[in-house]
1. Starting from the range 70-97, take each residue that is on the phi < 0 side of the Ramachandran plot and part of a helix (DSSP H, G or I) and list its partners that are at pLDDT 95 or above and surrounded by fewer than 14 Cβ atoms within 10 Å (Cβ to Cβ), counting only C-beta distances under 6 angstrom and pairs at least six apart or across chains.
2. Give me the pairs, please: first residue somewhere in the range 123-147 and on the phi > 0 side of the Ramachandran plot and in contact (Cβ under 8 Å) with a residue 12 or more places away in the chain, second residue anywhere and in a loop (DSSP other than H, G, I, E, B) and buried (at least 24 other Cβ atoms within 10 Å of the Cβ), beta-carbon distance under 8 Å, and either six or more positions apart or on two chains.
3. Going through 29, 57, 33 one at a time, which residue ends up being under 12 Å from residue 146 (Cα atoms) and buried (at least 17 other Cβ atoms within 10 Å of the Cβ)?
4. Go through (1) under 24 Å from residue 12 (Cα atoms); (2) at pLDDT 90 or above; (3) part of a helix (DSSP H, G or I) for residue 172 and report which single condition fails.
5. Somewhere in the range 87-94, is a residue more than 16 Å from the chain's Cα centre (by Cα), closer than 25 Å to residue 29 by Cβ and modelled with pLDDT of 95 or more?
């Protein structure tokens, strides 16, 4: 990791306006997710899921151009980790063993699905040690609150992105639209070659 790359990713390189929007965005996203989670989990499992949500907010709003702060890692990372966490809890009653298994398997799954999002590890552990309220939800925990919290974070982050000098979400869409695909390029070359013959 080069120093130049790090500076591009850090809040230190943002303008004052971007920093302000990042802070306000993180506050609003965490507040909304906390309010939503509180109505579902009540007091018992709330601290755990908020730890995961807060870690995601730090990444999404603090280093928005990072690969781990993009839409698929945000949503996919949490969903996959939640599924694995519930599975791990149901697999073994030992919380230490289940948590360790969940972390390793979540890392493996996020890596091979291209949605590496470190706070997903906390989501996986929450499913294991989140308490009776989380355990009673079973796989419903994946949808409520995990999926909905991810959508809340992503929605606010995309709104904040419109106020950034370099929108981390719009850039990827424009990049895909502006550059022809490899398949189309190959087809064009093949067509040109055929015409020459």
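1. Close Cβ pairs (under 6 Å, with a partner that is at pLDDT 95 or above and surrounded by fewer than 14 Cβ atoms within 10 Å (Cβ to Cβ)) amount to 86/139.
2. 131/45
3. On inspection, the qualifying residue turns out to be 33.
4. (2)
5. no
The values are calculated or read from the model by the stated rules, or taken from the named source; none is laboratory data. Since the model is a prediction, treat every value here as computed from it, not as a measurement. As a convention, Cβ positions derive from the backbone with ideal geometry for all residues, glycine included, and neighbour counts pool all protein chains shown.
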